[in-house]
Amino acid sequence: MAGLNCSLIMGSVEAALTLLDDLSTKDKRACIELLIRIFRNVVSHPDDSKYRTLKITNKTFNGDVWQHEAGRMVMKAAGWVTIGDTVQLPSHVNLTLELQVILANREVKPDEREWRNETKIIVPNAAKQREEELRRKALAEKEKEMAILRKEMAERKEIAERIRAEHRRDQETKRVKSAAKAVPRGKGETSKMTDLLPKSGGG
């Protein structure tokens, strides 16, 4: 797969995953399953740095993922970077959405050539399917809760702004009334502003 323009695929895990189609069913399945395990470890332990550093010399990692350019592209698209003989994920990167993309593309079906060469039948794992369905539902519920929280925070902010605006208007009204309350008349007496206005009536 040499000569691919990396800049076109670095920004999308889903686009990078399509490159795995050039691998055999066995290699593609092994690559995806290990990627899921790696990404899930980061999501489950976001503050544990040991899950964010992988040695390229690790036999399993190198054999199932890193030796394939498609595997490297998926990891780079998700934010992993190569540092020396390791692949590292910056501490601020969260892989929750990337993991969901990979899980959505987890099913691997052999092509026609492999059906002729092999007689194996792929049977979906019911337990894993239930697990992923529950995980998707949990993530959906979490997103709903976050949306409600953001809405409540916005409403509280709006109410606080209205209260502050009303307080400023009240203070301004008090200052105006205080300035117009009394006018000196001499000898300690005061007169109201209304005393200075012409009185109506005949005579």
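Table for the structure above
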| item | result |
| --- | --- |
| Pair list, Cβ under 6 Å, 6 or more apart: the stretch 19-32 residue assigned by TED's automatic domain parsing to the domain that holds N62, other residue small (G, A, S) and buried (at least 19 other Cβ atoms within 10 Å of the Cβ) | L19/A70; L20/A70; C31/G71 |
| The stretch 1-18 - residue that is farther than 10 Å from N105 by Cβ and buried (at least 19 other Cβ atoms within 10 Å of the Cβ) and, of those, modelled with the lowest pLDDT | I9 |
| Index of the failed condition, V65 passing every other in (1) out of contact with any strand residue (DSSP E or B) (no Cβ under 8 Å at 6 or more places or on another chain); (2) farther than 16 Å from E33 by Cβ; (3) of a type in the set (A, V, I, L, M); (4) modelled with pLDDT of 85 or more | (2) |
| Hey, E131 modelled with pLDDT under 80 and not in a loop (DSSP other than H, G, I, E, B) or not | no |
| Tabulated pairs, the stretch 63-88, first in contact (Cβ under 8 Å) with a residue 24 or more places away in the chain, second buried (at least 21 other Cβ atoms within 10 Å of the Cβ) and among the small types (G, A, S), C-beta under 7 angstrom, 6+ apart or interchain | V65/G71; A70/A16; M73/A16; V74/A16; A77/A16 |
| Odd one out for I38 among (1) within 25 Å of Q129 (Cβ to Cβ); (2) touching a strand residue (DSSP E or B) at 6+ places or on another chain (Cβ under 9 Å); (3) loosely packed, with under 14 Cβ neighbours inside 10 Å | (3) |
| Single residue of the stretch 69-99 satisfying the filter (surrounded by 17 or more Cβ atoms within 10 Å (Cβ to Cβ) and in contact with a Lys or Arg (Cβ under 9 Å, 6 or more places away or on another chain)) that is farthest from D21 (Cα to Cα) | L89 |
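The values are calculated or read from the model by the stated rules, or taken from the named source; none is laboratory data. Here the structure is a predicted model, which means the values were calculated and not measured. Every residue, glycine as well, gets a Cβ built from its backbone with ideal geometry; the counts of neighbours run over all protein chains shown.
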